[in-house]
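Encoded as structure tokens, the structure appears first; notes follow it.
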Amino acid sequence: MGASFLSTVPFMLPIVPPPSRSAFSTVATRCSAHAGAIRCHKIETQITVEAGFGRRDILKCIGATIGMEIISSSGSVEMARAADLIQRRQRSEFISNIKETLQTALKGNPDLIPSLLTLALNDAMTYDKATKSGGPNGSIRFSSEISRPENKGLSAAMNLLEEAKKDIDSYSKGGPISFADLIQYAAQSAVKTTFLASAIRKCGGNEEKGRLLYTAYGSNGQWGLFEKQFGRTDAQEPDPEGRVPQWEKATVQEMKDKFSAIGLGPRQLAVMSAFLGPDQAATEALLATDKDVSPWVQKYQRSRETVSQTDYEVDLITTFTKLSSLGQQINYEAYTYPAQKIELSKLKL
């Protein structure tokens, strides 16, 4: 950072010599009021310069200093912007690589998709508004938490992610990925897989046409906010017990109460039906028995039959994005790394 203009003033003052009669002068006017009358007096002010170092030279010096200040400040701003763009690119590239790894893992284990969705939901549902604790912090990875009744059957999904993490960490340039991020991004990949599978079914099983359909009508662009929430920190101990219901045994009222406790309502409960156990159809049949939830269940069922599924997809992505960041302080510099330094001595000019 360059020196500020004001900091140069004390060093410039000694340059000016004592007053000289050969100096140029300026005339100013000072006005004062006395008993309603205004009187003006001329005041002569001496601005003295030494031969060879005139007023214009001083002004040039001041101008150069200001110019250096502006250039230095502008350069720092541009460098900061450039650094920010580099970090964004690094995170974007890392996320793309993570998606490829997770999609490969899901392709070989499609039966684990429901478990991955519930894993992400249960990790997030430990959030407590009163204490601002819990949430999607990766605590579900601890054996004492994943072995709880509400997490029954989720160990295979967790094992799959542990293997994926080894692969991701092997190519990460910005440190190991947190389980908190990995669990939520695995659920995102699982959701996208189900959206794509639906498009392929609507195209009679033609995978190429299904991909084109999803590209044209899918809601992939709605994931922008979710992907910015990348940089969660892992919890260092299990979250407290009793915060997550056993979804397969819970009544609709118990589900509503839990969603309400984290700031969500019947609409969000209905759209998250795929996350509430391995059998989405059975979950929706139960939710449809409640007068508050039933209209939303029917709305999303109709939406899934359309080509675009817009209402269903957009609401699901929006709700999941909120769940996936409950109570988390996102580190937006996570996984970034210093730009490689260029050794000028090795450059061939």
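The values are calculated or read from the model by the stated rules, or taken from the named source; none is laboratory data. Computed from a predicted model, the values in this text were never measured in an experiment. All Cβ positions, even for glycine, are placed from backbone atoms using ideal geometry, and neighbour counts span all protein chains on display. The accessibility values were calculated without ligands, DNA or RNA, using every heavy atom of the protein model including side chains. Shrake-Rupley method; radii C 1.70, N 1.55, O 1.52, S 1.80 Å.
Computed from Cα atoms alone, the Kirkwood hydrodynamic radius reported for the stretch 106-156 is 11.6 Å.
Rounded to the nearest angstrom and listed largest first, the equivalent-ellipsoid semi-axes of the stretch 82-220 from its Cα gyration tensor are 26, 22, 15.
Highest mean packing comes first when the peptides 220-226, 153-159, 134-140 are listed by Cβ atoms within 10 Å, giving 134-140, 153-159, 220-226.
Percent of accessible area on the stretch 129-244 owned by carbon and sulfur, 1.4 Å probe? Percent of accessible area from carbon and sulfur atoms in the stretch 129-244: 51. Separation of the alpha carbons by more than 22 angstrom is noted, of K258/K291; K99/K166; K132/K249; K132/K166; K256/K291, for K132/K249; K132/K166. Each pair of Cα atoms in the stretch 121-188 enters the Kirkwood radius, and Stokes-Einstein at 20 °C and 1.002 mPa s then converts it into a translational diffusion coefficient of 168 µm²/s. In order along the stretch 109-123, the phi-based Karplus estimate (6.51 cos²θ - 1.76 cosθ + 1.60, θ = phi - 60°) of 3J(HN,Hα) comes to 9, x, 5, 8, 4, x, 5, 5, 5, 5, 4, 5, 5, 5, 5 Hz; Gly and Pro are listed as x. Counting Cα-Cα pairs of the stretch 273-314 in 10 Å increments starting at 0 gives whole-percent bin shares of 30, 54, 16. Here's how it looks for S133: its modeled amide H is under 5 Å from those of D128, which are all 5 or more places away or on a different chain. Taking a sphere under 12 Å around the Cβ of G231 and counting the other residues whose Cβ falls inside, with K and R at +1 and D and E at -1, yields a net charge of -1.
The residues of the stretch 211-267 expose on average 58 square angstrom of accessible surface per residue, using a 1.4 Å probe on protein heavy atoms. Backbone phi angles across the stretch 168-175, fed through the Karplus curve with coefficients 6.51, -1.76 and 1.60 (θ = phi - 60°), yield HN-Hα couplings of 4, 5, 5, 10, 6, 8, x, x Hz in residue order; Gly and Pro are listed as x. Other residues whose C-beta falls under 9 angstrom from the C-beta of G135 contribute a net charge of -1, scoring Lys and Arg +1 and Asp and Glu -1.
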